[in-house]
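Chemist: Before we start, here is the structure in question, set down as structure tokens.
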């Protein structure tokens, strides 16, 4: 089972991730009570999905800019942004935009190739949950959030840059 | 120069600990090769042909004598007793052992140095003109602004995994010795009619496979907005830069594909969210950064010195050295001295531990304990009293640092090439040496005058061959090393990209080809015309005819 860290703690993951090429019937017959759908899948089938009892979250591939998604995010409790490879850094900017420009206050989750050494940067860009691989060492990963005690920039997690705080 | 405070020290110490842990996890098999590769690159560590190479950051090329002493001792203790100065004003060690790198980094941290973001697809070391703060008629000292950018770019969480590497240069001098226009972002300091400081912002310049001169994205950016505007450019690039093809991933390709106007619109759209926000620079912060770059205690001196003038008439070699390697300073009685690291037989930019310690001594005695690395791979002492020049020169002779060849044909800019670098298609150091050996008479070099010759061992263009008056590029032809020649490149405010001359040459043909090019120039030049001017007047065709002419 993948391991989920949310707001600095290891927690149970209720969400069922639906892959891109899943057909509608499978989703409609799903027993899951938390469905994490590909954003385009939801857009395409939102009328059919209106009657589903499950909570719905959306996930975006790194080639898809959530800012160009024509829907308010606030009604979704979870927005997940994928890292197909950890060196594909687009989702750092997406997370910052979803938080700061779209003012989304729900859960932003990093999914895909999410590794210990990137966690602190993800956190600073606005992610607050992280889906780690099955074999991830949770303790090592939790330490990853504390690699640095200070940062120079104005970021989502701390908008006041160091130069305004130096004493 | 900038002095680290508790915050800077703390972050650097945490970085050393972080990398030590990463190295340990890699050696324990908990990080894969691919995972560790990206992490070590963000810390300047390459695995090269023969050994790892560690690139140490020298922010905007500025070093204290204490830091140079530490580089010297590190080169002795962890390397083979020498270091290499890169064209990004950084220092490279060619032989450290992977297991020892964390220790080496701890030693660097003791003197406020590091290897952060000297490689990898992140924002690299910011560079500037080596005459910043001392050049006559300077528009504005670039160093405080470089430091502001250094801090902003260090561990920027959003831009650590960009499509490709990202280089920024800042220039406040009139001449521009920073190659500003061939950077991903080039910033020219300027003043508006009210005398307020701002930046002309260029974007999309770069060398490599598709060389481009940067285009103006903003004619005047008031200084307060520097960081929020940089954030906006970086964000558009991070989201839209190509990631499917490493050769098309630099920002220059994106800017060209979109067109500068569309690119600007996208940047402005991002900027509107941040403009005027917390990233806006404050007077206090700028004053704080400027306070580290105030003028040293200059003496009130005459701009002339009788004793020196006398020696200048007697010692011809000294006179030559002063003419080539000494530049005017903004303060009367002071000069800017550049020590050449381009002695024939030594790889361009290489310096021994002993020479480093010697230069540290010189800086302490003659130049307020500071040393600057130039992107031409030489060393500058920025504040030398005119009256001390002869003493300094004499001392340099004993350490083979008195070569009077700055800006001459044998002051070659050259990457490490195939002798060290695993990316190279061909060697570059032996090419430099063969040219230096062919042109070994000072009279002849002096007669040829100002000319730049740049050599890169591959398309990545670390030797900046696109902006050399003569550019040499190593290419691979069915497993053999060949060299393509281009002419007419120039750096500075009127930067130009060199044009390819024609089919490439074998290694042993190069000195002869350079000879023909230079001969045509000498035959055709009018009065004091420099090589580049004669080239522009004649055009490349004449040089083609000369070089490729069949022997009678």
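Every number in this text was worked out from the coordinates using simple rules, so none of it is lab data. Note that this is a predicted model, so its numbers are computed, not measured. When we count neighbours, we look across all protein chains shown, and the Cβ atoms used for this are built from the backbone with ideal geometry, even at glycine.
Chemist: Quickly estimate the mean residue ellipticity at 222 nm for chain B, helices only: each DSSP H run with n ≥ 4 gives -39500 (n - 2.57), and the total goes over all residues, rounded to 500.
Modeler: Computed ellipticity for chain B at 222 nm equals -11000 deg cm²/dmol.
Chemist: Give me the percent of DSSP beta bridges within the stretch B:18-177 that run antiparallel, rounded to the nearest 5. Spell out each step's value before the answer.
Modeler: On the way: 9 of 12 bridges.
Here the share of antiparallel DSSP bridges comes out near 75 percent.
Chemist: I need B:80, B:310, B:546, A:75 ordered by Cβ neighbour count within 10 Å, fewest first.
Modeler: With the sparsest Cβ surroundings first, the list reads A:75, B:310, B:80, B:546.
Chemist: So for the stretch B:310-370, what are the equivalent ellipsoid semi-axes in whole Å, largest first, each being the square root of 5 times an eigenvalue of the Cα gyration tensor?
Modeler: 22, 18, 11
Chemist: Please arrange B:65, B:153, B:295 by counting, for each residue, the other beta carbons lying within 10 Å of its beta carbon, fewest first.
Modeler: The order, fewest Cβ neighbours first, is B:295, B:65, B:153.
Chemist: Same structure again: Take the eigenvalues of the Cα gyration tensor for chain B, scale each by 5, and report the square roots as semi-axes in whole Å, largest first.
Modeler: Each semi-axis is √(5λ); the values are 33, 29, 26 Å.
Chemist: Among B:112, A:154, which comes first, second and so on when ranked by fewest other beta-carbon atoms within 10 Å?
Modeler: Exposure proxy ranking, most exposed first: B:112, A:154.
Chemist: Also, quick follow-up: Measure out, as a whole number of angstrom, how far apart the alpha-carbon centroids of the stretch B:409-475 and the stretch A:71-146 sit.
Modeler: 46
Chemist: Additional query: Tell me the relative contact order for chain B as a rounded percent, counting alpha carbon contacts under 8 Å between residues six or more apart.
Modeler: 12 percent.
Chemist: Quick one: grab Rg to one decimal and Dmax as a whole number for chain A, Cα atoms only, in Å.
Modeler: So, for chain A, Rg and Dmax equal 16.5, 60 Å respectively.
Chemist: For helix A:39-49, report the angle its Cα long axis makes with the longest principal axis of the Cα atoms of chain A; keep it between 0 and 90° and round to the nearest 10°.
Modeler: That works out to roughly 40 degrees.
Chemist: Still on this structure, I have one more. At 7 Å along the Cα-to-beta-carbon direction for both residue B:272 and residue B:242, put a label point, then send me their distance in nm to one decimal.
Modeler: 3.0
Chemist: Sorted from largest to smallest, which semi-axis lengths in Å does the alpha carbon gyration tensor of the stretch A:75-128 give for its equivalent ellipsoid, taking the root of 5 times each eigenvalue?
Modeler: 18, 11, 10
Chemist: Give the whole-number value, in cubic angstrom per residue, of the convex hull volume spanned by the C-alpha atoms of the stretch B:225-293.
Modeler: 113
Chemist: Here's something else I'd like to know. Could you give log10 I(q)/I(0) at q = 0.10, 0.13, 0.15 Å⁻¹ for the stretch B:337-460, computed by the Debye formula over C-alpha point scatterers of equal weight, without solvent?
Modeler: Reported log10 I(q)/I(0), two decimals: -0.33, -0.55, -0.72.
Chemist: Residue A:53 versus residue B:6, label points 7 Å from Cα toward the beta carbon: distance in nm?
Modeler: Output for this residue pair reads 5.8 nm.
Chemist: While we're on this one: Counting only DSSP beta bridges with both residues in the protein assembly as shown, what percent are antiparallel, rounded to the nearest 5?
Modeler: Here the share of antiparallel DSSP bridges comes out near 65 percent.
Chemist: Related question: Find the all-direction average of the projected area of the Cα convex hull for the stretch B:390-510, expressing the result in square nanometres with one decimal place.
Modeler: Value for the stretch B:390-510: 8.9 nm².
Chemist: Translational diffusion coefficient, Stokes-Einstein: compute it for the stretch A:1-66 using the Kirkwood radius over C-alpha pairs as Rh, at 4 °C and 1.567 mPa s, and state it as an integer in µm² s⁻¹. Spell out each step's value before the answer.
Modeler: Working: Rh = 12.9 Å.
The estimated diffusion coefficient comes to 100 µm²/s.
Chemist: Evaluate Rg over Rh across the stretch B:270-373, taking Cα atoms for both radii and Kirkwood's formula for Rh.
Modeler: 1.15
Chemist: With no solvent and one equal point scatterer placed on each C-alpha of the protein assembly as shown, evaluate the Debye formula and give log10 I(q)/I(0) for q = 0.05, 0.09, 0.11, 0.12 Å⁻¹, two decimals.
Modeler: Normalising to I(0) and taking log10 leaves -0.27, -0.83, -1.19, -1.38.
Chemist: Would you report the distance distribution of C-alpha pairs in the stretch B:195-262 as whole percents per 5 angstrom bin, up to the bin with the largest distance?
Modeler: In whole percents, the pair-distance histogram is 4, 15, 26, 24, 16, 8, 4, 1, 0, 0.
Chemist: Another question, if that's okay. Give me log10 I(q)/I(0) at q = 0.16, 0.19 Å⁻¹ for the stretch B:56-103, Debye formula, one equal scatterer per alpha-carbon, no solvent.
Modeler: -0.43, -0.61
Chemist: Evaluate the relative contact order of the stretch B:293-374 (contact order divided by residue number), counting alpha-carbon pairs under 8 angstrom at least 6 apart; express in whole percent.
Modeler: Relative contact order comes out at 19 percent.
Chemist: Note down the relative contact order for the stretch A:1-151 as a percent, whole number, built from C-alpha pairs under 8 angstrom at least six residues apart.
Modeler: RCO, the stretch A:1-151: 23 percent.
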